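Structure, as structure tokens:
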């Protein structure tokens, strides 16, 4: 499976002791604890962001954009 993500330097070669998760209000925490007593913690949240709003002409089946209201500049 191809993975085009971000790497976190400093953890290569470490041995995982355990992984634990917990949630608190809007956040999910993932802690990866290594045998050398260091840890990487991921803090995750799911925010809803309006990405795109447009008015389309569907009469021809080509979904022609008549008016674009919102177009996000965020790279996904």
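A few remarks follow.
- Mean separation of Cα contacts under 8 Å (6+ apart) over length of the chain, as relative contact order %: 18 percent
- Inter-label distance, residue 4 to residue 48: 2.9 nm, where each label sits 7 Å from its Cα along the C-beta direction.
- Pairwise Cα distances in the chain exceed 19 Å for 65 percent of all pairs.
- Projected label distance in nm at residue 62 and residue 33, using a 7 Å step from Cα toward the beta-carbon: 6.2 nm
- Between residue 26 and residue 69, the distance separating the two model label sites (each 7 Å from Cα on the Cα→Cβ line) works out to 2.3 nm.
Bear in mind that the values in this text are calculations on the coordinates, not laboratory data. All of these numbers come straight from a predicted model, not from anything done at the bench. Methodologically, a virtual Cβ is constructed for each residue, glycine included, from the backbone with ideal geometry; neighbour enumeration extends over all protein chains shown.
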